[in-house]
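Visitor: Please find one structure pasted underneath; my questions will follow.
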Amino acid sequence: MELLTAAEMRAIERAAIESGVATGRELMERAGRGVVAAILDWRPALARAPGRAAVLCGPGNNGGDGFVIARHLKMRGWAVDVFLLGAPANLPPDAAENCSLWREMGAIRPLTEAADGRRSVHDLVIDALFGTGLTRPLEGAARVCAARSWRRFGGAGAVVAVDVPSGMCADSGRALQAEPSDEAAATKCDLTVTFHHERLGHRLAQGPSQLCGDVRVVDIGLAGVPAAAARLGAPNRPGLSKTIGHKYSHGHALILSGGVGRGGAARLAARGALRVGAGLVTLAAPPAAIIENASRLDAIMLRSVKGIEGISELLVDRRINVVALGPGLGVGENTCAKVGAALANEERGAVLDADALSSYQDEPETLFRLTRGRSVVLTPHMGEFGRLFPAVAEKLVAPAARGPAFSKLDAARAAAALAGCIILLKGPDTVVAAPDGEAVVVSAHYERACPWLATAGAGDVLAGMIAGLIARGFHPFRAAESAAWLHQEAARGFGPGLIAEDIPERLPAVFRDLGL
Ligand SMILES: NC(=O)C1=CN([C@@H]2O[C@H](COP(=O)(O)OP(=O)(O)OC[C@H]3O[C@@H](n4cnc5c(N)ncnc54)[C@H](OP(=O)(O)O)[C@@H]3O)[C@@H](O)[C@H]2O)[C@@H](O)CC1
Ligand SMILES: Nc1ncnc2c1ncn2[C@@H]1O[C@H](COP(=O)(O)OP(=O)(O)O)[C@@H](O)[C@H]1O
Ligand SMILES: [K+]
């Protein structure tokens, strides 16, 4: 499923209008009617017993949708109070037409009346203040209404956003704020109803975690999506099945381990690589750590390697087609030397995580010279990302003062362009991006929420799973996308109480559910 920016959605709408598929009025009618149908489907009790609704209309076409919604609710027997920000005379044409139609059915009150402090008497509040046209932070009555939504409008049954919660940037999922000292303001909704395809903001940052509530997509008869649009990440099911071949045809992954007492992270990664289906997995440990690892490993092979030369000697074996390193290695020059050895052969894939990333915090460009144009995946969490890409991270943490705001997807794309390889930027809204701009959001929100993944070692398992899929012949982008999806799915299936060790053990059930 594609995830659109506001500009992409506008272009699709414009193309539909210009080609005569539909007029703007028709699209607005379908949008408003679709929102009402979606709400009543979402909460059937609201369909059985019409109550009282407040519709908050803004000065653009999002407000226009609001007037259509008001009309359809009223036709279904609802008592409807309509509040408008600004004057009817200033509305754009389609919204103005729908405003006139509403005025034949009911009154329009200024938004300031909805913003006053009295307890809401409404069973339903429709937030049609701003949609994809939001350019700056909310002010005045709109800001007060958004703030009231955090208290559920003083007792309202449900708050429903049209397209996006007002105040939230549709491209980034971030609430706009003028100054760092200003609190960001956006409506906190129980349901968001959007059109054609989801926007990126429904999947990134605060969008899914704090603002949108549930999300429903309404078909308004538009067709097509731009080729460059981002997608929702998926598991690449056909590539995951194993039908033919012996163990060597499924690749050989090498995981580099830390020293004595520091091998847990590498063992977790190795287990992830093996369970995801790599034909062979070898863990390479310093001689002093061999007994410790031998007592913990069976199917995973173990090799003793002494220093950087030891790693290079092992990597003479061309059948080892991917190396994963970083977890448990420690930050410093020695780890940089290991990265150099791991990346010496251009044909081999690599996954760099944790200390393999942080070791380059003083000289990220040294790392990028090694990774550019290579089959490499970097898997930073936000902290590691900030060390490698400080200028990019700064844009992401600076207050989003203007829409469209810089997004996590923009950040991952910028980083992939700098490093010249695949970036997987972690979190519940994990983004995978390639230097050519291809990007997916592997979303652990809504029905796929799995907050139990925020546990020590989960990232190490993910690095191993990516390596395992690269070993199996996946393109590094697909490996990162599929592994992140499987990782979440394993956590989702296991549920509360999950620890990192459980993730690889859950993969067989995930594969069975995929029908493999
Ligand atoms: N695309 C489609 O296919 C379809 C789109 N549809 C609907 O249209 C919506 C997009 O409509 P839209 O472009 O008119 O933008 P919208 O969000 O209503 O706001 C723009 C107005 O707000 C103003 N403004 C901005 N920020 C502000 C602030 N902080 N405080 C105050 N003012 C602010 C801005 O003024 P300006 O920035 O120019 O000063 C402008 O006047 C979309 O979300 C969907 O609901 C559907 O009907 C059917 C199909
Ligand atoms: N709230 C969350 N919901 C879903 N996944 C999460 C959440 N928080 C973290 N994750 C995922 O858990 C993993 C944690 O990795 P990381 O931060 O590297 O931890 P560690 O270094 O301890 O292994 C990442 O894959 C990340 O995307
Ligand atoms: K809205």
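Visitor: Does residue 493 satisfy the condition of being open to solvent by 10 Å² or more (accessible area, probe 1.4 Å) and in the same structural domain as residue 391 (by TED's automatic domain parsing)?
Guide: Details: open to solvent by 10 Å² or more (accessible area, probe 1.4 Å): yes; in the same structural domain as residue 391 (by TED's automatic domain parsing): yes.
So residue 493 fits the description; yes.
Visitor: Now for a different question. Residue 484 - would you say it is over 28 Å from residue 180 (Cα atoms), at pLDDT 95 or above, outside any loop (DSSP other than H, G, I, E, B) and not charged (D, E, K, R)? I'd like the intermediate steps shown before the answer.
Guide: Values: over 28 Å from residue 180 (Cα atoms): yes; at pLDDT 95 or above: yes; outside any loop (DSSP other than H, G, I, E, B): yes; not charged (D, E, K, R): yes.
Yes.
Visitor: Only one residue in 428, 364, 404, 399 is within 16 Å of ligand 3 (Cβ to nearest atom) and assigned by TED's automatic domain parsing to the domain that holds residue 270. Which one?
Guide: Working: 428 fails: within 16 Å of ligand 3 (Cβ to nearest atom); 364 fails: within 16 Å of ligand 3 (Cβ to nearest atom); 399 fails: within 16 Å of ligand 3 (Cβ to nearest atom).
Only one candidate qualifies: 404.
Visitor: Looking at the structure I just gave you, is residue 493 under 23 Å from residue 208 (Cβ atoms) and more than 13 Å from ligand 2 (Cβ to nearest atom)?
Guide: Working: under 23 Å from residue 208 (Cβ atoms): yes; more than 13 Å from ligand 2 (Cβ to nearest atom): yes.
So residue 493 passes the test.
Visitor: Quick one: which helices (runs of 4 or more DSSP H) sit completely within the range 315-378 and have at least 3 residues that are away from ligand 1 (no atom under 16 Å from the Cβ) and under 30 Å from the mean Cα position of the chain (by Cα)?
Guide: Here the list reads 355-358, 364-371.
Visitor: Something else now. Are there any strands (runs of 3 or more DSSP E) wholly within the range 151-258 with 3 or more residues that are more than 16 Å from ligand 1 (Cβ to nearest atom) and closer than 30 Å to residue 490 by Cα, and if so which?
Guide: On the way: elements: 158-162, 191-195, 214-218, 230-232, 252-256.
Once the strands (runs of 3 or more DSSP E) in the range 151-258 are filtered for at least 3 residues that are more than 16 Å from ligand 1 (Cβ to nearest atom) and closer than 30 Å to residue 490 by Cα, what remains is 230-232, 252-256.
Visitor: If you don't mind, there's one more thing I want to ask. Please go through the range 414-455 and pick out each residue that is free of Cβ contacts under 8 Å to residues at least 60 places away in the same chain, buried (at least 22 other Cβ atoms within 10 Å of the Cβ), not in a loop (DSSP other than H, G, I, E, B) and not β-branched (Val, Ile, Thr).
Guide: 415, 416, 419, 425, 433, 453
Visitor: Residues that are within 36 Å of the chain's Cα centre (by Cα): which strands (runs of 3 or more DSSP E) entirely in the range 41-110 hold 2 or more of them? Reasoning before the result, please.
Guide: Details: elements: 52-57, 79-84, 108-110.
It comes to 52-57, 79-84.
Visitor: Here's something else I'd like to know. Considering only residues that are at pLDDT 95 or above and over 24 Å from residue 189 (Cα atoms), look in the range 200-230 and name the one that is surrounded by the most Cβ atoms within 10 Å (Cβ to Cβ).
Guide: Filtering the range 200-230 down to residues at pLDDT 95 or above leaves 200-222, 229-230.
When the remaining residues are screened for being over 24 Å from residue 189 (Cα atoms), the result is 221-222, 229-230.
Working: 221: 13, 222: 19, 229: 17, 230: 25.
Taking the candidates together, the pick is 230.
The values are calculated or read from the model by the stated rules, or taken from the named source; none is laboratory data. Predicted, not measured: the structure shown is a model, and the values here were computed from it. All Cβ positions, even for glycine, are placed from backbone atoms using ideal geometry, and neighbour counts span all protein chains on display. Note: accessible area is taken over every heavy atom of the protein model, side chains too, but ligands, DNA and RNA are not part of it. Shrake-Rupley method; radii C 1.70, N 1.55, O 1.52, S 1.80 Å.
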